[in-house]
Amino acid sequence: VRGACYLCEVHGVTAHQRTHACPFTDCVCTCCEIVRVRRAVVAHQLRMRRQEKRTCGQYSPSYTCNRCRNHGLYVPKKGHKNACPYDSCPCPMCSLCHSRSILDAHFRTN
């Protein structure tokens, strides 16, 4: 459901984010922790995109490689997947990108 509270959603409750006080705000279950980590990753990526807009004068969030962007390079995604020099980079920012892709896949399957 678009605009749904993810914390409620992982517990099987459908509620819109803006219209309720979430009963799972202080929940420490694994699913809620995953949601919190995902939120932190998304917030970090949004900060990077804003920085990219200021630096490059353009905004292309879906067409540049996230991992290269972490290292100050703005490389187009198309045809770049197998050639990314930071594909196995262990730095904290690249691991955030990797964890977000895993979290997104987890939420798509559930």
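The values are calculated or read from the model by the stated rules, or taken from the named source; none is laboratory data. Values in this document were obtained by computation on a predicted structure and should not be read as measured data. When we count neighbours, we look across all protein chains shown, and the Cβ atoms used for this are built from the backbone with ideal geometry, even at glycine. Please note that ligands, DNA and RNA were not included when accessible areas were found on the heavy atoms of the full protein model with its side chains. Shrake-Rupley method; radii C 1.70, N 1.55, O 1.52, S 1.80 Å.
Once all protein chains are placed together, Arg49 keeps about 40 Å² accessible to a 1.4 angstrom probe. For Thr64, the residues 5 or more places off, or on other chains, whose built amide H falls under 5 Å of its own are Lys77. Near His98: Cβ cut-off under 15 Å, other residues only, Lys/Arg at +1 and Asp/Glu at -1. The net charge is +3. With contributions of -39500 (n - 2.57) from each DSSP H run of at least four residues, the per-residue ellipticity at 222 nm computed over the chain stands at -15500 deg cm²/dmol. Measure nothing but the geometry: give the 0 to 90° angle between the long axis through the Cα atoms of 92-109 and the longest principal axis through the Cα atoms of the chain, rounded to 10°. Helix 92-109 sits at roughly 50 degrees to that axis. Within a Cβ distance under 13 Å of Arg36, other residues only, what is the Lys/Arg minus Asp/Glu net charge? In short, +1. Taking only protein heavy atoms and a 1.4 Å probe, the accessible area of the chain is 56% carbon and sulfur.
Taking every protein chain into account, the 1.4 Å probe leaves Met48 with about 20 Å² of accessible area, to the nearest ten. Averaging the Cα positions of each part gives two centres, and for segment 96-110 and segment 14-35 these lie 18 Å apart. The three principal axes of the Cα atoms in the chain give end-to-end lengths of 42, 28, 22 Å, sorted in falling order.
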